[in-house]
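Participant: Sharing a structure here in structure tokens format.
The values are calculated or read from the model by the stated rules, or taken from the named source; none is laboratory data. Because the structure is predicted, anything quoted here is derived from the model rather than measured. Cβ placement follows ideal geometry from the backbone for every residue including glycine, while neighbour counts extend to all protein chains displayed.
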Amino acid sequence: MKQKVALALSVVLAVLGGVAALAQADLSAAYGETQAGEAGGDGLAAASVLHITGASFVPESSATVFLADGNGAVAVTGSSGRYMHAPVLLPDGAQVSGLTFYYYDNQNSDTMTARLIRNNDPGIGFRTVLAEASSPVGVAGYSSAYGSVGPTPIVIDNARYNYEIEVSWTVGSSNLKLTSIKVFYTTP
């Protein structure tokens with residue numbers, strides 16, 4: 001008898017869990033939120049965000065000395081090769097409007113800069129900085145900075161270019177941490 005009651009209780013809990021998950025999914029749709037790659041309910045382009053954590057970035061070279069903390073942030077601590085990179089992988093035709101750079105800066109006179117870069121523009125080996133955001137001098141703590149691509153969004157063209165985020169440090173320090181980057185785009 002106890003086994004039947006336990007089994008029945010397990011089935012009821014599983015069903016209730018499924019109903020709660022469905023209700024939660026319906027709430028996001030009710031508030032007009034869309035996930036990356038979903039079209040808005042009005043037939044217009046869907047606004048999306050590509051979120052890249054600091055720990056996803058790779059060093060520019062073997063000379064880059066860096067450390068990652070338990071929260072996913074990364075800091076360059078060496079005196080040379082103070083650059084880290086992450087690819088920006090978006091669908092063809094996506095329109096990018098800008099990026100937000102999230103950071104921890106407790107180094108009063110030094111900064112970090114995040115750049116959205118289009119490589120092979122206008123030819124192989126060339127690059128164009130599309131957007132840039134920096135941590136300000138003299139402001140300490142966790143914060144963010146926004147960088148726009150300009151008055152009009154850029155259109156992703158994966159056949160001709162590749163895209164990346166590059167972050168540079170003016171000095172190596174564990175007091176300058178990249179926590180994450182968000183790239184804002186719409187899909188056609």
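Participant: Can you give me the ranges of the strands (runs of 3 or more DSSP E) entirely in the stretch 59-125 with at least 2 residues that are under 16 Å from Tyr142 (Cα atoms) and in the same structural domain as Asn158 (by TED's automatic domain parsing)?
Facilitator: In the stretch 59-125, 74-76, 95-105, 112-119 are the strands (runs of 3 or more DSSP E) which contain 2 or more residues that are under 16 Å from Tyr142 (Cα atoms) and in the same structural domain as Asn158 (by TED's automatic domain parsing).
Participant: Let me ask something additional. Can you tell me which of Leu178, Leu130 is more than 26 Å from Asp69 (Cβ to Cβ), assigned by TED's automatic domain parsing to the domain that holds Thr64, assigned to a strand (DSSP E or B) and not β-branched (Val, Ile, Thr)?
Facilitator: It is Leu130.
Participant: Sort through Ser97, Ser168, Ser143, Ser135 and tell me the only one that's closer than 19 Å to Leu50 by Cα, surrounded by 15 or more Cβ atoms within 10 Å (Cβ to Cβ), touching a strand residue (DSSP E or B) at 6+ places or on another chain (Cβ under 8 Å) and polar (S, T, N, Q).
Facilitator: Result: Ser97 is the single residue among Ser97, Ser168, Ser143, Ser135 that is closer than 19 Å to Leu50 by Cα, surrounded by 15 or more Cβ atoms within 10 Å (Cβ to Cβ), touching a strand residue (DSSP E or B) at 6+ places or on another chain (Cβ under 8 Å) and polar (S, T, N, Q).
Participant: Let me ask something additional. With respect to Gly125, is the statement that it is crowded, with 16+ Cβ neighbours inside 10 Å, on the phi > 0 side of the Ramachandran plot and free of Cβ contacts under 8 Å to residues at least 24 places away in the same chain true?
Facilitator: For Gly125, the condition - crowded, with 16+ Cβ neighbours inside 10 Å, on the phi > 0 side of the Ramachandran plot and free of Cβ contacts under 8 Å to residues at least 24 places away in the same chain - is not met.
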